[in-house]
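All remarks here apply to the structure that follows.
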Amino acid sequence: MFDRPLTTLTHPTRSVGSHISCLDCHDLLAGRLKPEAWAGTDYTSSFCFDCHEEQRREFVLSDTHSLQRQTVSCRGCHPPHEPFAVNITVDLLEMMGERTVLAYDPIDSNRLCLRCHGYLKLAGPETGFSLGAGLSLHDLHLSRAYASCVECHNPHGGDAAMVRATTLEGEPLLHFTAGDIGSCTVTCHDKRHTASQYLRSGN
């Protein structure tokens, strides 16, 4: 797909441990993690949601990313002591100049999402976001338009496809699905993408 050396561009986000006290999780006298903070393999959801009420509401609506069914974990994307690498969004990428854009590796830069949502599956015929005839709109947005997954999808939840109500830039994102057909309308960088139907491939 690419015929030039590519560069991964990500930036670190703050870690869990950087904005709460060690004693919020660790019981130093007992020499263990507090059970109200840690449930063996992940944070307890009530521990996170005491502060993150908006994310609690989003997860309630989420079927794909479900804390109840353990399809995801808070720790999976938010390790306790290290920041995780988040890809550069299109607007920031463009501010870095044409040479940076030409060298950008959109696949590896989105590896946090693609770790679970394999690129080949997203770009294949069963993508659930396709114009048919083998044209995957995920492939078009990711590898050709350099959009990041989180510009359109909210990792904490939402509707079945976890599509945001607004893009990261604040533009309304109108998304509808009915049976095997879907459509979305959004304005990105002053370009209006008017609702054209896409195939959901039964997903």
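Got at least one residue in the stretch 187-201 being among the hydrophobic types (A, V, I, L, M, F, W, C), assigned to a loop (DSSP other than H, G, I, E, B) and surrounded by 14 or more Cβ atoms within 10 Å (Cβ to Cβ)?
There is no residue in the stretch 187-201 that is among the hydrophobic types (A, V, I, L, M, F, W, C), assigned to a loop (DSSP other than H, G, I, E, B) and surrounded by 14 or more Cβ atoms within 10 Å (Cβ to Cβ).
Among the candidates LEU120, LEU92, LEU102, LEU112, which residue alone is in a helix (DSSP H, G or I), under 17 Å from LEU168 (Cβ atoms) and over 12 Å from the mean Cα position of the chain (by Cα)?
LEU92
Could you check how many residues of the stretch 69-89 are farther than 14 Å from ALA147 by Cβ, hydrophobic (A, V, I, L, M, F, W, C) and assigned to a loop (DSSP other than H, G, I, E, B)?
2
Which of the residues belonging to the stretch 172-184 are out of contact with any Cys (no Cβ under 7 Å at 6 or more places or on another chain) and within 18 Å of THR194 (Cβ to Cβ)?
PRO172, PHE176, THR177, ALA178, ILE181, GLY182, SER183, CYS184
Could you figure out which of (1) touching a residue at least 12 places away in the same chain (Cβ under 8 Å); (2) exposed (fewer than 15 other Cβ atoms within 10 Å of the Cβ); (3) not basic (Lys, Arg) isn't true of ALA147?
(2)
If I filter the stretch 9-37 down to residues being part of a strand (DSSP E or B) and more than 24 Å from the chain's Cα centre (by Cα), which single residue comes out as surrounded by the most Cβ atoms within 10 Å (Cβ to Cβ)?
My answer is HIS26.
Tell me which residues, restricted to the stretch 123-145, are hydrophobic (A, V, I, L, M, F, W, C) and in a loop (DSSP other than H, G, I, E, B).
ALA123, PHE129, ALA133, ALA145
What's the total number of residues in the stretch 38-64 that are within 19 Å of the chain's Cα centre (by Cα) and either farther than 19 Å from ILE20 by Cβ or in a strand (DSSP E or B) (or both)?
8
Among the residues of the stretch 79-133 satisfying the criterion of being in contact with a helix residue (DSSP H, G or I) (Cβ under 7 Å, 6 or more places away or on another chain), polar (S, T, N, Q) and under 22 Å from LEU6 (Cβ atoms), which is surrounded by the fewest Cβ atoms within 10 Å (Cβ to Cβ)?
The qualifying residue surrounded by the fewest Cβ atoms within 10 Å (Cβ to Cβ) is THR100.
Quick one: what pairs do we get from the stretch 98-109, first residue without any contact (Cβ under 8 Å) to a residue 60 or more places away in the chain, second among the aromatic types (Phe, Trp, Tyr) and not in a helix (DSSP H, G or I), C-beta under 6 Å, 6+ apart or different chains?
Matching pairs, first to second residue: PRO106/TYR146.
Look through the stretch 161-184, keep the residues that are among the hydrophobic types (A, V, I, L, M, F, W, C) and assigned to a loop (DSSP other than H, G, I, E, B), and return whichever of them is farthest from ARG200 (Cα to Cα).
Restricting to residues being among the hydrophobic types (A, V, I, L, M, F, W, C) and assigned to a loop (DSSP other than H, G, I, E, B), the top hit is LEU168.
Where a number appears in this text, it was derived from the coordinates with a stated rule and is not lab data. Small disclaimer: the values here were computed from a predicted structure and weren't measured. Note that we place each Cβ from the backbone using ideal geometry, even for glycine, and neighbour counts take in every protein chain shown.
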